[in-house]
1. Taking 7 Å along the Cα-to-C-beta vector as the label spot, tell me the A:GLU30-B:ASN124 distance in nanometres, rounded to one decimal.
2. In whole angstrom, how long is each semi-axis of the equivalent ellipsoid of region B:139-295, when you take the square root of 5 times every eigenvalue of its Cα gyration tensor and sort them from largest down?
3. Report, as an integer, the average count of C-beta atoms from other chains found within 10 Å of each Cβ along B:228-240.
4. Give me the extension gain from A:ARG84 to A:GLU65: residue separation times 0.36 nm, minus the current Cα-Cα distance, reported in nm with one decimal.
5. With all pairs of different alpha carbon atoms counted, what Kirkwood hydrodynamic radius in Å does chain A show?
6. Provide the FRET efficiency to the nearest 0.05 for the B:ALA106-B:ASP144 pair, computing r from the beta carbons and using R0 = 45 Å.
7. Sorted from largest down, give the three principal axis spans of the alpha carbons of chain B, whole angstrom values.
8. For region A:20-68, give the magnitude of the charge dipole about the Cα centre (Cβ charges: +1 Lys/Arg, -1 Asp/Glu; no others), in debye to the nearest 20.
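Bear in mind these aren't lab numbers, they're just calculated from the coordinates by the rules spelled out. All of these numbers come straight from a predicted model, not from anything done at the bench. Cβ: placed from backbone, ideal geometry, glycine included. Neighbour counts: every protein chain shown.
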Amino acid sequence: MTRVVMLNDNSEAFTKKVNEMTNDMITLCEQCGICSTSCPVAEDMDIPPSEIMRLVQLGDEYVLETKAIWVCASCYTCTVRCPRGVDLSKVTEALRQINLRTNVNYLDIDNLDSEEVEELPAIALVSAMRKYTG
Amino acid sequence: MMKKFPYYPGCTLKQYPKKFGIPSEESARALGLEMVEIPRWNCCGAVASLTADDMMHQVAPIRNLIRVQEMNDEGLVDNEYRLVVFCSMCFNTLKRANMMVKENEAALNTINEFMDREQDYKANVEVVHFLEILRDMGFYRLEDMIKKPLKGLKIAPYYGCNLLRPKEVGIDNPEAPTIMENFVEALGAEVIDNPLKSLCCGSYHTVGGHKDIVAERTYAIVNAARKAGADMMITACPLCAFNLDDRQALTKELHPEFQHMPVLYFTQILAFALGLEDKAGLEENYVDARPILREKGLMD
Ligand code: SF4
Ligand code: SF4
């Protein structure tokens, strides 16, 4: 699908903010695509990891609405393979946190079936709450 | 004489003691390593905090490291600043927080000031995984202590993410690790190389709307192990253990032809090989490993 990148007055500030939250990961990316071919969950994403990087570089806040930033499982495969030393897991985390800090959670724990919660180990619940809720 | 180590159990070893805590602690004891639980430990947060402006989630892991200092002050351990962790997720989270404050003095000061009722963290603790302790001890020595060599059993190690990545945190080469293979060999079993041994299992997606991601990864990982000839898999991560073992139920629903495979926590099989069969918690797994152990003549 072709998407027209929409830039506005906020674009530069958005790129800068994500860059700060990730210790300067944004400008390093050279769009080689290795992260996208290495990512174990890329097939479940709406846009691949390298495109997440590109949208942040350009300052297109549409990236905040993608499913991909939530599907990233923080597995650090892209982190160890990126030839430019980009830690992309920090970028998806920053994008999730920008959303979560507006008080909108990705997972509503009250909506989980109580039987299901019963069988889940605490480690699963704690990690999911840390990634999906603010 | 027993060598004492400060020990961080984390929530899963306590929540399911038969499957995780007891086999871990008892195996260590059988090897002459006493795991002294940190008094008043708290949850590490399970996942590392990755953004530069999120200091709040570094507090919990660091508080546990302060407890290690206190244990030394109080003589619970004797000048031992290596904190032993079995859970890969706790290991990764604690080690990354520790690395962050060791590299960033300003962050360390902020956290110390924030916890004004605690002694300052002096950034002197080293977070180690139990597999590293075994490696340092020498796998050949572990081999000598094995009571029931797992002859004829084909085990595929599964690393997942948190033991290996990122590179600075991992306990072995992130692309070509060997530590679990050496561990399996020391137990007398045959090592099976699973090409998907470090593919992410889907982690916390096991909660909520993305469970199918986990079930599909489990399908791929278990099938790859089977294709390579494995009888069972082992892992050091309790969340991987849940996803690869318990989630096989969902995998089977999605793929009726799927065949189950036992997935044990690494200290379950260690305890078993050390002759602590009644401490291995083999009745606790979703897919029962006992039939294959009996088939191989390793169990009555
Ligand atoms: S691997 Fe690194 S440089 Fe290549 S596209 Fe991904 S983030 Fe950019
Ligand atoms: S950290 Fe996220 S984006 Fe990177 S490879 Fe893993 S799942 Fe994909």
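1. Label at A:GLU30, label at B:ASN124, 4.5 nm between them.
2. 24, 19, 13
3. Values: counts 0, 0, 0, 0, 0, 0, 0, 0, 0, 1, 4, 5, 0.
Average neighbour count from other chains, rounded to a whole number: 1.
4. Stretched out fully, the A:ARG84 to A:GLU65 stretch lengthens by 4.2 nm.
5. 15.7 Å
6. Once the sixth-power term is evaluated, E becomes 0.40.
7. Taking the Cα atoms of chain B, the three principal extents are 57, 49, 32 Å.
8. Dipole about the Cα centre, nearest 20: 120 debye.
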